[in-house]
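Novice: Got a structure for you, written out below as structure tokens; questions coming shortly.
Just so you know, all these numbers are worked out from the coordinates, no wet-lab data involved. Everything numeric here is computed off the predicted structure, so don't read it as measured data. All Cβ positions, glycine included, derive from the backbone under ideal geometry; neighbour counts span all protein chains shown.
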Amino acid sequence: MSNTDFDNIPEQALAWHRAGQGAALATVIETWGSAPRRVGSQLAISGQGEIVGSVSGGCVEGAVIVEAIEAIQQGDARELEFGVSDGDAFAVGLACGGTIRILVEPVGQALSSDLLAELVAARAARKPIAYVIDLETGVRSLATNGFETRFSMDRSGFEEDSKRFVAIHNPPLRLLIVGAVHITQALVPMAKMAGYDPMVVDPRESFASQARFPDVTLSHEWPLDAASAFDMDARTALVLLTHDPKLDDPVLQLALKSPVAYIGALGSKRTHAKRLERLRNAGFSAAECARIQGPIGLDLGASNPAEIAISIIAQMVQMLRKGNQ
């Protein structure tokens, strides 16, 4: 996975532990007010004080590192809380009276190395998995079902009226873009910043070139062949920007048979109406066709490639966080 936004925090903690350096995982388990990182954010700390990840964007990391090294030495998990009660919320990056609660778990002690290895293996296999800890009993486990809403919304947190914390580990987001056009050049860097790992498919090598798309995975295969090998899962977004039926339609038919999270296709309302007619003639129902966002993107009044790319990213975020509106 080339996307640098896909964290390797549990993997690094396990590697440090196996190398004999000692390691701990710090996880944001609760926030109030204006907190800089969302619940579930993690920081891995080695016994030598090396770090990967973030629980506050650099604001409270220093204090967390000190606590984590002590936890590694003593073998105990501990909960930390930072915020306005500490005197100066702004000094720790918690404006507006924000508070952050962090759980620190030493690997191989409070957090079993076998359990962490199982979690890392699931992440490597792109399998959604939840790490569940009962803070009252200290029991830790992994689950692949029972938290469907949390998985679909990518939302870690406490179960209602309980001390069971559920950390969601979803596969990294991926984006398959068919058509190496001007919109694609604007969309790719935006998608990377939003946490997607993009791949651009276009059989025209002059369009899908490294000069036009540096540091991006490119495919010059026929779009259907590339999409078939891509394994479009529920953490994948598909964007079709060619508005050429012979390129787009076969990929659309494949996508509609998959759990892909987002399907967007470029074209006017008239073009999209003809697209839907072709799909219905191919046997797809109105409900299936309704999964396609067309014309693509939120209606922002976009008029140039960059603005269209913004509208596409906005719609992808909306689908990820709120579902189909």
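Novice: So, in the chain, how many Lys pairs have Cα atoms under 21 Å apart, if the pair is 8 or more places apart or on different chains? Spell out each step's value before the answer.
Specialist: On the way: 127/257; 192/322; 246/257; 246/269; 246/274; 257/274.
The result is 6.
Novice: Residues with amide H under 5 Å of residue 156's amide H, sequence separation 5 or more or different chain, H placed in the peptide plane at 1.01 Å from N; which?
Specialist: 168
Novice: Among 309-317, 296-304, 106-114, how do they line up by average Cβ neighbours within 10 Å per residue, starting with the highest?
Specialist: Working: 309-317: 21.0, 296-304: 14.2, 106-114: 19.0.
Ranking, from highest mean packing down: 309-317, 106-114, 296-304.
Novice: log10 I(q)/I(0), Debye, Cα-only the stretch 109-154, no solvent, q = 0.15, 0.16, 0.21 Å⁻¹?
Specialist: Each listed q corresponds, in turn, to -0.42, -0.47, -0.77.
Novice: Are there trypsin sites (Lys or Arg not before Pro) in the stretch 178-221 that DSSP puts in a loop and that have at most 13 other Cβ atoms within 10 Å, and which ones? Each step should come with its number before you reach the end.
Specialist: Details: sites: 192, 204, 212; in loops: 204, 212.
In loop regions of the stretch 178-221 (DSSP not H, G, I, E or B), the sparsely surrounded trypsin sites (Lys or Arg not before Pro) are 204.
Novice: State to the nearest 20 debye the size of the charge dipole of the chain about its Cα centre, where the only charges are +1 on K and R beta carbons and -1 on D and E beta carbons. Before the final figure, lay out the partial values.
Specialist: Numbers: 29 positive and 38 negative charges, 281 e Å.
Charge dipole of the chain: 1360 debye, to the nearest 20.
Novice: State, to one decimal in nm, how far the label point of residue 155 lies from the label point of residue 215, with both points 7 Å from Cα in the Cβ direction.
Specialist: Going from the residue 155 label point to the residue 215 one covers 3.3 nm.
Novice: Based only on Cα atoms, what Rg/Rh ratio does the stretch 195-325 have, Rh being taken as Kirkwood's radius? Can you show the working numbers first?
Specialist: Numbers: Rg = 14.4 Å, Rh = 15.3 Å.
With Rh from the inverse mean 1/r over Cα pairs, Rg/Rh is 0.94.
Novice: Could you bin all the Cα-Cα distances of the chain into 10 Å bins starting at 0 and give me the percent of pairs in each, rounded to whole numbers?
Specialist: In whole percents, the pair-distance histogram is 6, 23, 28, 21, 15, 6, 0.
Novice: Using the Karplus equation 6.51 cos²θ - 1.76 cosθ + 1.60 (θ = phi - 60°), what ³J(HN,Hα) coupling, rounded to whole Hz, does each residue of the stretch 45-53 give in order, writing x for Gly and Pro?
Specialist: Working through the residues one at a time gives 10, 8, x, 9, x, 6, 9, 9, x Hz.
Novice: Moving on to the next point. Return the loop-located GluC sites (Glu not before Pro) in the stretch 100-159 (DSSP other than H, G, I, E, B) with at most 14 other Cβ atoms within 10 Å of their own Cβ; answer none if there are none.
Specialist: Numbers: sites: 118, 136, 148, 159; in loops: 136, 159.
In loop regions of the stretch 100-159 (DSSP not H, G, I, E or B), the sparsely surrounded GluC sites (Glu not before Pro) are 136, 159.
Novice: For the stretch 101-156 and the stretch 249-313, what is the separation of their C-alpha centers, rounded to whole Å?
Specialist: Computed from Cα coordinates, the inter-centre distance equals 36 Å.
Novice: Only sites in a loop by DSSP and with at most 11 other Cβ atoms within 10 Å count here; which trypsin sites (Lys or Arg not before Pro) in the stretch 240-298 make the cut? Working shown, then result.
Specialist: Details: sites: 246, 257, 269, 270, 274, 275, 278, 280, 291; in loops: 257, 291.
Qualifying residues, ordered by number: 257.
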